[in-house]
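Read the structure below first, then the notes.
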């Protein structure tokens, strides 16, 4: 969102960036005007385990992390059961905050994160013009009546679930769909009885434009007709560069190794230090000389015994800036990591744990830009074999993405989005 804000500014828009105070620095870096706005109780301001959370949020995070040890279906089921508290905790406060903000700033239109359901609901009720920004896999917005938020549209080969388990997950997702839609309808009756019916809550988007930070892959489910659909490919800032310290680290690693592999499992899943340690140990101890950069999150101290000439351990890393300088990446299947790897031409070993990561991993398989493995069943041999395939076969073919839909980026997104919103109606 911050990268998009910067791109919109460069195209002449005056941009206000409304977010929690912990993210004010993103607004500053984007050159936007920061507006404090809190829309969720869940704090995700860095490494999740070390972020100060309310006790209930911390308990849900612990339950989620424990579920990841038992596989895809248990994890997705826990996430579905947490959804009401995570995504629609206080719609009344959000509504009042948005109404006051609109009266004060009078923007021509808004861009809202699709996962900020309370904000979309408020904008719908206030009849304000907005565009929807889908930050993850495009199927975060259900495309048809048989699609359910929280159920992957397809699965990577190594993680296909038992049909009975999958049926149970779909039942939970269907229940969530009904509950959220009923909550939306009740809220609209109370706050804006003349507003249109929202339809399915999880499918409610702008009627004008939906922006996906994702490539337009030909096999993705086709969304229904309506708003203009803009596939940006990625949201990588064009000005990413390494600082002197990291440039020096890379020079040192290249002097001792034939390959450099970046390993990062994201702000939440770096807590799975058992998987992280197994991957680092396998990659760095394989045949040949391979160096590793690992983002260890809150477990950095626990990895001190691994740090050495060919292993750099840090709480977090400048991923976008590092990617053009590594030979492969190991990540969790986050949509940003997927699109950033494509943009940088870097093949990936994907270890999905939760959310849309299974769908992203499947897309990477089908696109031929990565390999997916079960993180809870990963062996030393699996890791090494996958790395060889990635570096020797997948990597050399990544250039076919250059100039394609994965290369569009934030400037393309800003141009298309502004044109779509200009067509949607007059400014205030």
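Brief remarks follow.
- Gained length - residue 305 relative to residue 222, 0.36 nm times residue gap less alpha-carbon distance: 25.0 nm
- The angle between the Cα long axis of helix 409-423 and the main principal axis of the chain comes to about 10°, on a 0 to 90 degree scale.
- Percentage relative contact order, the chain, counting C-alpha pairs under 8 Å, at least six apart: 17
- Helix axis angle, 72-87 relative to the chain longest principal axis, alpha carbon, degrees: 40
- Fraction of beta bridges assigned by DSSP in the chain that are antiparallel (%, nearest 5): 5
- C-alpha long axis of helix 91-105 to longest principal axis of the chain, angle in °: 80
- Hull volume in cubic angstrom per residue (convex hull over the Cα atoms of the chain): 136
- Mean residue ellipticity (222 nm) of the chain, computed from DSSP H runs ≥ 4 via -39,500 (n - 2.57), nearest 500: -13000 deg cm²/dmol
- Computed E for residue 186/residue 407 - FRET, C-beta separation, R0 51 angstrom, nearest 0.05: 0.70
- Segments 149-159, 248-258, 104-114 sorted - mean Cβ within 10 Å per residue, highest first: 149-159, 104-114, 248-258
- Taking every alpha-carbon pair under 8 Å whose residues sit at least 6 apart, the stretch 315-428 reaches a relative contact order of 24 percent.
- Report note on the peptides 200-208, 306-314: ranked by the mean count of other C-beta atoms within 10 Å, highest first, their order is 200-208, 306-314.
- In terms of other Cβ atoms within 10 Å, 259, 69 run from fewest to most in the order 69, 259.
- Gaussian network model of the chain, Cα within-10 Å springs - most flexible of 363, 162, 273: 162
- Residue 422-residue 252 FRET efficiency (beta carbon distance; Förster radius 60 Å; 0.05 resolution): 0.75
- Euclidean distance of C-alpha centroids, the stretch 75-117 and the stretch 197-249, integer Å: 18
- Among beta bridges that DSSP assigns inside the stretch 244-403, antiparallel share in %, nearest 5: 5
- Protection proxy ranking for 216-223, 370-377, 83-90, using the average of other Cβ atoms within 10 Å per residue and placing the highest first: 370-377, 83-90, 216-223.
- Solution diffusion estimate, µm²/s, Stokes-Einstein, the stretch 220-351, Kirkwood Rh from C-alpha pairs, 37 °C, viscosity 0.692 mPa s: 209
- For the chain, built as a Gaussian network whose Cα springs stay under 10 Å, the top-fluctuating residue of 131, 186, 282: 186
- Using a Förster distance of 56 Å, the FRET efficiency for residue 157-residue 25 (Cβ separation, nearest 0.05): 0.85
- Shape call, the stretch 280-340: gyration tensor on alpha carbons, a/c limit 1.5: oblate
- Across the stretch 244-403, Cα pairs under 8 Å and at least six residues apart give a relative contact order of 21 percent.
- Highest-MSF residue in the chain out of 245, 407, 63 [GNM, Cα springs under 10 Å]: 245
Quick note: the coordinates plus some simple rules give every number you see, no bench work behind them. Just so you know, these numbers come straight off a predicted model, no measurement behind them. In this analysis, Cβ positions are derived from the backbone assuming ideal geometry, glycine residues included, and neighbour counts consider all displayed protein chains.
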